[in-house]
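Some notes on the structure that comes next.
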Amino acid sequence: MRNGNHILQVEKLTKTYPINKNSSIVAVNNISFHIKKCETLGLVGESGSGKTTVGRCVLRLIEPDSGKIIFSNIDISTIPDKDLRSLR
């Protein structure tokens, strides 16, 4: 859902990490949230629950396996790597 009032939209974000050739661990599974301008969001959870992974995906320091991250109505997956630094 795209909305001009949202500064950040994370939609159905999933990220897995390989453990070995045949298996992987799901760090983030289908998470969605929206943040409006002037809102604050806190991510809380147990150690290893995926909080840092969500943050790293939102900053595009790592690529999610699936999902969308929309910042100021721009899908950040469409932004070239060289232009990301100014957004961070």
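Data table
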read-out	value
Residue ID - surrounded by the most Cβ atoms within 10 Å (Cβ to Cβ), chosen from residues in the stretch 48-76 that are polar (S, T, N, Q) and in contact (Cβ under 8 Å) with a residue 12 or more places away in the chain	Thr53
Some residue of the stretch 26-42 being among the aliphatic types (A, V, I, L, M), out of contact with any Pro (no Cβ under 6 Å at 6 or more places or on another chain), surrounded by 10 or more Cβ atoms within 10 Å (Cβ to Cβ) and in a loop (DSSP other than H, G, I, E, B)	yes
Selection count, the stretch 1-25, where residues are part of a strand (DSSP E or B) and either more than 18 Å from Ile70 (Cα to Cα) or out of contact with any strand residue (DSSP E or B) (no Cβ under 9 Å at 6 or more places or on another chain) (or both)	8
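FYI, it's all coordinate maths here, none of it is from the lab. Bear in mind that the values here come from a model prediction, so they are computed numbers and not experimental data. All Cβ positions, even for glycine, are placed from backbone atoms using ideal geometry, and neighbour counts span all protein chains on display.
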